[in-house]
1. Which of the residues that make up segment 43-58 are crowded, with 24+ Cβ neighbours inside 10 Å and in contact with a Phe, Trp or Tyr (Cβ under 7 Å, 6 or more places away or on another chain)?
2. Tell me the residue from 458, 444 that is of a type in the set (Phe, Trp, Tyr), closer than 15 Å to residue 270 by Cα and at pLDDT 85 or above, please.
3. Can you name the helices (runs of 4 or more DSSP H) wholly within segment 341-424 that have at least 3 residues being out of contact with any Lys or Arg (no Cβ under 8 Å at 6 or more places or on another chain) and more than 30 Å from residue 312 (Cβ to Cβ)?
4. Going by the conditions given, is residue 363 touching a Ser or Thr at 6+ places or on another chain (Cβ under 9 Å) and surrounded by fewer than 24 Cβ atoms within 10 Å (Cβ to Cβ)?
5. Can you name the residue in segment 180-209 that is under 30 Å from residue 82 (Cα atoms) and without any contact (Cβ under 8 Å) to a residue 60 or more places away in the chain and, of all such residues, is surrounded by the most Cβ atoms within 10 Å (Cβ to Cβ)?
6. Taking the stated definitions as given, is residue 162 more than 16 Å from residue 103 (Cβ to Cβ), assigned to a helix (DSSP H, G or I) and β-branched (Val, Ile, Thr)?
7. Being modelled with pLDDT of 90 or more, of a type in the set (Ser, Thr, Tyr) and in a helix (DSSP H, G or I) is the requirement here; does residue 285 meet it?
8. In segment 400-434, which residues are of a type in the set (Val, Ile, Thr) and under 20 Å from residue 275 (Cβ atoms)?
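The values are calculated or read from the model by the stated rules, or taken from the named source; none is laboratory data. What you see is a predicted model, and the numbers here were worked out from it, not measured in a lab. Ideal geometry is used to build each Cβ from the backbone, glycine not excepted, and the neighbour counts take in all protein chains shown.
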Amino acid sequence: MTTVLPQASSKELPPPTVGRVTKLAAPTIAEQFIVAFIGVTDTWLAGHIPGDSKTVAAAAAAVGTMMYIQWFAGLMTSFIGTGAIAIVSRSIGARRIRVANRVAGTAVATAFLVGLFVAVSLFTFAGPFVRVVGLEGLAADFGKQYLQIMCVTLCFQSAAQIGMACLRGAGDTLRPMLIMALVSVVNLVASSVLTFGLFGLPAFGIRGNAAGTLLAFFTGGMITIYLLVSGRAGLKLRLNHLRVVPHVVARIGKIGIPSWLEGMLLWGGQFLIVVLVINAIGDKTVTMAAHGAVLRIESFSFLPGFGFGMAASALVGQYLGAKRPDQAMRAAHVANRLGLITMTVMALPMVFLPSLMIWLMVWSPEVISVGFWPMILAGLAQPGFAFAIVYGSALRGAGDTVSPMIATISGMILRIIIVLPAAYWLKAHNLSHYALTAVWIAIFIDLNYRAVFNTITFHRGKWQHKRV
């Protein structure tokens, strides 16, 4: 299931058939499901820790809210991955293996240093971060405990994520999947044992949850670095490759910074909406627990889209490197059709069994009640989201990261314009119970708007002439 291009003329690249796109995307999709399972494991453990309903809701709210902090930490190195995968994939398509290795080495080294800086910052200011996101009381205590342990492994996790992105750009999607499968198993076992105190060990509760995840990602990071250095995964990095080369970083940043800005604006908009809406309503703990549960379940639906988007990104870059823009266009269309079908099917339980989906995550009647309509809206948004993901990824693979950024910025502005007045109107009319529903109505509109924007931009074809 590893799609590594043969050492031959670039004109011999095979066409982007459904089978080839699926073969390239399948390991990535499996890996994304594994990653989602890691998050679901943490949320499930938090939602089932020993205690009363308030304790369970507080733990679930803490872990759910920390998703935004972890998302922020990942975004700090995302520009490196975006730029590296575009350059590596095009270098592989043009048979410039040395360039691919040099770019991958610089990307990994830079990601490690950025991750280290973010980890130290989050550990030092964990308390203020928790207060800013609106957690209070027991939920705030849980959040700080969880964050201070989780941030320790960020430097290794960042390097691993960028290393795996480079492998995908080279066409190797199998090994990253296997690494994340191991991470998932270690996380499930270690977090369960440390949270509940199995096999005679003491129960550490929320701290055990975070410690198990830390151990899992540390393991994955070490294996990724080993594969890159040993040369067993397509790319072979020497020690002199693992250094920060300014002009290579600048080249990576030229492609990745617009995507990074897009991600930061998306994060900032979502963070702003959640914080303001939570502060405008009464029970912050229940609302954040419901929001976190919906996000975790939704992630299983859109992950196939990201897998096919990753395939589109890699293939578009490779075909452009091989001077075949027609095949690049075809690859994106095939990937989009596959993403649309899978995401629509995955969304069906969210639309027709919303209460059951939330109950699987958090055993709290209050949380289920608040999350009912948001879960349905999340499911209905998935078909449009497929277009936004796949065509946006195809544009990035071609080196056009500005257009998806514009779509995200304008969509986020639209989201804010809709949700903030609605939330405060609901509060004024004693309908705060539906504030989270207002948030998801805005998300639904935003995702479909971005679908239209990215689809039109891709079909115009200007990306075919983009230089990287």
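1. 47, 58
2. On inspection, the qualifying residue turns out to be 444.
3. 354-361, 365-380
4. For residue 363, the condition - touching a Ser or Thr at 6+ places or on another chain (Cβ under 9 Å) and surrounded by fewer than 24 Cβ atoms within 10 Å (Cβ to Cβ) - is met.
5. 186
6. Spelling it out, it is not the case that residue 162 is more than 16 Å from residue 103 (Cβ to Cβ), assigned to a helix (DSSP H, G or I) and β-branched (Val, Ile, Thr).
7. So residue 285 fails the test.
8. 408, 409, 413, 416, 417, 418, 419
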